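Here the structure is laid out as C-alpha cells; the discussion comes afterwards.
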Number of protein chains: 4
Amino acid sequence: MIEVGPNSYGKSAIRLVKVDRHLTPHRVRDLTIAIALEGEFAASYREGDNSAVIATDTMKNTAYALAGEHLTGAIEDFGLALGRHFLGEPQVERVRVAIDEHAWRPIGGAPDAFTLDSSETRSTVVVVGREGASVRAGIADLAVMKTTRSAFSGFPRDRFTTLKETEDRIMATKVTATWSYEPTAPVGFDSSFSAIRSTFLEVMADHFSVSVQASIWIIAKAILERHPEVSEVSMTLPNLHHWTVDLSPFGIENDREVYVSTTEPHGLIEATIRRSG
Amino acid sequence: MIEVGPNSYGKSAIRLVKVDRHLTPHRVRDLTIAIALEGEFAASYREGDNSAVIATDTMKNTAYALAGEHLTGAIEDFGLALGRHFLGEPQVERVRVAIDEHAWRPIGGAPDAFTLDSSETRSTVVVVGREGASVRAGIADLAVMKTTRSAFSGFPRDRFTTLKETEDRIMATKVTATWSYEPTAPVGFDSSFSAIRSTFLEVMADHFSVSVQASIWIIAKAILERHPEVSEVSMTLPNLHHWTVDLSPFGIENDREVYVSTTEPHGLIEATIRRSG
Amino acid sequence: MIEVGPNSYGKSAIRLVKVDRHLTPHRVRDLTIAIALEGEFAASYREGDNSAVIATDTMKNTAYALAGEHLTGAIEDFGLALGRHFLGEPQVERVRVAIDEHAWRPIGGAPDAFTLDSSETRSTVVVVGREGASVRAGIADLAVMKTTRSAFSGFPRDRFTTLKETEDRIMATKVTATWSYEPTAPVGFDSSFSAIRSTFLEVMADHFSVSVQASIWIIAKAILERHPEVSEVSMTLPNLHHWTVDLSPFGIENDREVYVSTTEPHGLIEATIRRSG
Amino acid sequence: MIEVGPNSYGKSAIRLVKVDRHLTPHRVRDLTIAIALEGEFAASYREGDNSAVIATDTMKNTAYALAGEHLTGAIEDFGLALGRHFLGEPQVERVRVAIDEHAWRPIGGAPDAFTLDSSETRSTVVVVGREGASVRAGIADLAVMKTTRSAFSGFPRDRFTTLKETEDRIMATKVTATWSYEPTAPVGFDSSFSAIRSTFLEVMADHFSVSVQASIWIIAKAILERHPEVSEVSMTLPNLHHWTVDLSPFGIENDREVYVSTTEPHGLIEATIRRSG
C-alpha cells in the first residue's frame, strides 16, 4: 500500500513593499514572504480533489490584503496574523509563515529617500496550529570577521592530516542564527530582536575563539543567559577560510598580513544550544 | 542550565574532479561533496576541547585521498566509503555525506573532450551510523514543462480569491526529487538511479495533471510500484507560473500561445509518498 | 558646459514563452529579451521632457504583441522585426535587441512535455539603424573540458613566477562565443548557428591546445574558413583551473587523476579573430 | 586572410584580504582584483608562442606580493602600482586593473572584530599605458528607493501603450555609477570618492524625478559642477518597478501603500554625462 506522508504546500517569494507615509521619514517595509499549509490535504494528492486546496494565488492576495491592517509592527506579528487567518479554514491544521525583512535606511535626514542595508536580513518563522503558535526569529546573511583572537589547535592528527595548528588565524563566517521564544514569555518582538542582535555582536567581538564550535557555545550561552524569553539558539556558521599567502619565495615576509579569501571548500558548523531540563 | 543540543560539523563545497584515463573516452567524475559528523563533540563546544575534533581540513584531504581507490562506481558507494572511514573514529556516531554529481558528456566521438550537462544534477545523501547505513538518491535542478494536459480547478473561493479556474494551463517546475532505498534491498545504485529517472520522466510526460499535488502522487506512486527497492519518494516542486498575456487591448487574440514566464512568487509543493504499514 | 554623451534606454529581462501548438511535439520558445533605444533623447535628460520617450512598458508590450506573428523562426529574425518596429519612430536612430534562447527538448516522444536544456544558451544581438542592420549570434554558458592534449609551457619567468610548466593539464572553460555575419551574405540564421556550433565543438575537441589563446585562434580560424558568412569571431574564455592534488604526503600517487576544481581566481582570455584587409 | 583583432588576457577574481595590525582597530582591506594585459601577444594566438605570455598565475602572485608595500591607501593607487609593474615588460602596451573593495566595519569599539557592509561596493578601473594612465572610480550594488517625488508622464502613446501616467510612483534602482578623473587634476582618491558619493546620495535624495533619465542628468550634473576633478559620469540604472497592488476587489483602498516589488522585467537606463567642448 502507498500513502501520502508529510506534506505541505503554499506560496513562496511573495515580494511585498509597504510604505507608511504618515511617518517622517516614511517607513519602508520590504518583505519576502513564504506561506505553507499543512492539514487535511491527502485527497488533493490521492484523488486530485482540489475542493480543500486554498489556491496559492489566494495566499498571495491575502498577504497583500492584510498588510495594510496587520503589518504595522514586527514581522513576527504579521506572520502570526497571516497564520491565524489561514487557520480559520477547517482543513488547515498548521500554517508556517516565513518572512525575511530587508532594511531600508533613510539617506541623511531625507523624508522619502532610502538606501537598502544589504548587510543582514532579519528573519522569522512563525508556526500557527490548533495547539498554539511558536515563533522563531533570526539573523541571516551577516558576514563577520575576527582578525585575531581566533585559534585552532589541539585537534587529532591522522595520516590525512596536514593542517598546521595555529594560535592566531582569521575567523570569518556568514551568520545564520535563529532562536525560539518561550511560549509563555511576553515578548516585544522588535525590542527582543534588537537586544539579542546586540548581544550576538558584542560577544562575537569580545570573546577569544578556540574554534567555531566554542564560539557558538559562548555566544549562544550569553544570549540564553541575558534573554530569558529565548528558549534555544541555533547557528549555522560556515568557516570561510582565509589562508596566509606564502610570500617567502619572493623574499617577502608575511606575518598575518596578506591572505587569500576563499569560499570553496568551507567548514560548516551547526548546533543548537538550549535550556536543559 | 544550558546544554548543547543537536549539532554537527564538517566540510562543505569540496570540489573534486577525477579523470579515469584507462577508458576511452576518458570518464570524468565531477563532484561537490559535503561531509558532516555527529557524535561526542559537546566538549568542543562547552570546554573548547578540540581533542576529538577531526579537522574539516582533514575531511577534505580524506575525500581526495580516497577518491582514487573508492570513486570507481556510483556516488552512493563513494559516500558509503567516506562515511565508513570516518566512523572508524570512536567519537563519531554518525556521518552524513552529501554528494552532487555534475555530468560531463563526450563531444561526439572524442576520447578526451567533454561538455557539461547542466540540465540536472544527480545527488545522494548517505548517512552511516553505528546501527547501519541509509542511502538517499535524487535528481535536482531539472526544469520540466507540460504545455497542455495540466489544469487547476475546483478549488475553494473566498473573498481574497481572484484566480480563474483553468482546464488548460502550462505547468512548469524545477524538480528536486529524492528517494530512500529499502535497507534490505540489493541496490545497484547506478542502474536504479537510471531506471527511476526514466520512470520519473515518462510519468511526468504522460499523465494529466489536475494539480501539482496530484502530479507528485501519480509520479511517486509509479516509482514505488515499479521500483521495489524504493521505500519513499519526496518531491519539492515549485509551481513556476506562466501567465497568458492579455493581448486583447491590441486587438490580438492569444489562445494559449504567448506567456510571461515568472519565478516570483511561485507555488511550492512538498510531499513524501511512501509505502504504508 | 555639461552635455549628454552616449546614452540608451530600454527594457531588460523580458521573459517570454511562446508555444506553437500546431506542431507535434509542440514547439516551445523561451526567450529573455532586452531592448534598448538610442536617438534623440537628450531632452529627456536635460529638460525632463518625456514627449519622445517611448515607455519601456510599451516596449515590453510590443515584444509580447509581435511574438505571435514574428517569432516563427530564428531569434535573429525576431530581433530584426522588433528592431524595425521601433525604428518606425522618428526619434529612434538605433535599436539594439538582445535575445537569449533557452532550449526545451521533448521528453522521449511526448507531444507536450519538455525538459530544459540548461547546458548552453543561444544568444543574439541585433542592431537596427537608419543605415542598416547588423546581426551577431553566439553561444553562452557552455562548459567545456579537455582532459588531455592541453599544455602550457615556454612562458617567461620572473621573480614572482612559481607556476610549473606542464605538457599535460586539464583545460576547462565556460564558453562565451559570438560572431558577426557579413552584411551582404545570405544567412539562414538557424542553419548557420547550427553549423558554426558544430565547428566550434569539433575543433575544440580535436585540437591540441598549447594555451587558451592558441585554442581561440584555432577554433575561430576554422569558423572563419568554413563559414564564409561570418566576418569575425569573439571569444571570452575563463581558464577554470583544475589543480592536481598532492597526495604524496599520504603515500598515494596521483598521476593526473584527482583534481581540485576551482573558479576563483581564474584566467580570462578575450580576443576577436577576424578577416583582414 | 585572417588576423588577430582586439585581445587581452589576465587573471580575474583574485580575492585578497590584507589586515593592517598597526592600527586600532585593525584595518581590513578586502579586494576582488582583475588584471588584464594588452600588447604584443598576437604570436601567442597565431603561433602558440608563449614566450611573451606572462602567466596569469604570475599576475596573481604579483598582486599578493605587492599588496604589503603598495596597498596602503586607495584602491586606485594600488591599481596604478600594479599597472605600472606589468608595464615594465616590453611586450605589454596597456594594463587594465579593476578592483572592487568590500568594506568591513568595526563592531562597536572592537579593535579586531568586523562586519561586512554589503550595501555597496567601491570600484575602480585603472588603465596604464605607454601614454599615461586613466583612472575611473565608482559605486556598485547600491540599492536606492524614493518613496515619493517621482513621476512618469507625458510619454507618447501608441497602440501597444497601456502604462498609465503617474505623478507619484516609487522609484527604485540598484546603482552602478562610475566616473573618470581629469588626467591633469590632483586627486586624493579616497577623499574624492567620499565627496562624490555624498553628492550622489544627497542629490538622489533631494531632487524631484520626472524620469530615471532626468535623475541621471540632475545627479551627474551636480557631480560635475561640484567636483572639478571629474571629467565624466556614467550611470547604469535599472528601473526596478514597484506596482501598486489592486486591492479594490477585496474592498480595500490602497493609496500608494502596498506594492509588489519586481525585478523582471526592468527598465534599464544608461548614460554618460560629461563636460563638453
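Annotations
- When residues of region D:261-277 are limited to those that are of a type in the set (S, T, N, Q) and within 11 Å of chain C (Cβ to nearest Cβ), the one nearest to D:Arg169 (Cα to Cα): D:Thr262
- Output for region D:4-47, where each listed residue is in contact (Cβ under 8 Å) with a residue 12 or more places away in the chain, assigned to a loop (DSSP other than H, G, I, E, B) and either among the polar types (S, T, N, Q) or more than 9 Å from chain C (Cβ to nearest Cβ) (or both): D:Thr24, D:Pro25, D:His26, D:Glu40
- Applying the criterion of being under 24 Å from B:Glu120 (Cβ atoms) and buried (at least 21 other Cβ atoms within 10 Å of the Cβ) to the residues of region B:146-160, the residue that is farthest from the other protein chains (Cβ to nearest Cβ) is B:Ser150.
- Residue match in region A:48-58 (condition: open to solvent by less than 30 Å² (accessible area, probe 1.4 Å), closer than 23 Å to A:Val135 by Cα and more than 7 Å from every other protein chain (Cβ to nearest Cβ)): no
- B:Val127 in contact with a helix residue (DSSP H, G or I) (Cβ under 8 Å, 6 or more places away or on another chain), more than 20 Å from B:Ile196 (Cβ to Cβ) and part of a strand (DSSP E or B): no
- Tally of residues being in contact with a Ser or Thr (Cβ under 6 Å, 6 or more places away or on another chain) and free of Cβ contacts under 8 Å to residues at least 24 places away in the same chain across region C:108-129: 2
- Residues of region C:161-217 classified as acidic (Asp, Glu) and either away from chain B (no Cβ under 14 Å) or in contact with a strand residue (DSSP E or B) (Cβ under 6 Å, 6 or more places away or on another chain) (or both), total: 4
- A:Ala113 vs. criteria over 24 Å from the mean Cα position of the chain (by Cα) and buried (at least 19 other Cβ atoms within 10 Å of the Cβ): yes
- Filter result (buried (at least 17 other Cβ atoms within 10 Å of the Cβ) and over 30 Å from B:Asp112 (Cβ atoms)) within region B:9-42: B:Tyr9, B:Gly10, B:Lys11, B:Ser12, B:Ile35, B:Ala36, B:Leu37, B:Glu38, B:Gly39, B:Phe41, B:Ala42
- Failed condition for A:Ala143, given (1) surrounded by fewer than 19 Cβ atoms within 10 Å (Cβ to Cβ); (2) in contact with a strand residue (DSSP E or B) (Cβ under 9 Å, 6 or more places away or on another chain); (3) under 30 Å from D:Ile170 (Cβ atoms): (1)
- Entry remark, region A:65-100: residues being part of a loop (DSSP other than H, G, I, E, B), open to solvent by 10 Å² or more (accessible area, probe 1.4 Å) and touching a residue at least 60 places away in the same chain (Cβ under 8 Å) number 1 in total.
- Qualifying residue in region C:247-260 (condition: under 22 Å from D:Tyr9 (Cα atoms), within 7 Å of another protein chain (Cβ to nearest Cβ) and not hydroxyl-bearing (Ser, Thr, Tyr)): no
- Search result, residues across region B:206-248 that are more than 28 Å from B:Glu182 (Cβ to Cβ) and either at pLDDT below 95 or of a type in the set (A, V, I, L, M, F, W, C) (or both): B:Phe208, B:Val210, B:Leu240, B:Trp243, B:Val245, B:Leu247
- Members of region A:229-249 that are open to solvent by 20 Å² or more (accessible area, probe 1.4 Å), outside any loop (DSSP other than H, G, I, E, B) and over 20 Å from B:Asp57 (Cα atoms): A:Ser231, A:Glu232, A:Ser234, A:Ser248, A:Pro249
- Residue in region B:179-191 that is within 21 Å of C:Gly108 (Cα to Cα) and under 15 Å from the mean Cα position of the chain (by Cα) present: yes
- Residues that are open to solvent by 30 Å² or more (accessible area, probe 1.4 Å), within 12 Å of chain B (Cβ to nearest Cβ) and among the acidic types (Asp, Glu) are absent from region C:220-228.
- A:Val187 being touching a residue at least 40 places away in the same chain (Cβ under 8 Å) and either acidic (Asp, Glu) or in a strand (DSSP E or B) (or both): no
- Hits in region B:105-125 - residues which are more than 7 Å from chain C (Cβ to nearest Cβ) and on the phi > 0 side of the Ramachandran plot: none
The values are calculated or read from the model by the stated rules, or taken from the named source; none is laboratory data. Being a predicted model, the structure only gives us computed values, none of them experimental. Backbone-built Cβ (ideal geometry, glycine too); neighbour counts: all protein chains shown. Just the protein is used for accessible areas: all its heavy atoms, side chains included, with ligands, DNA and RNA removed. Shrake-Rupley method; radii C 1.70, N 1.55, O 1.52, S 1.80 Å.
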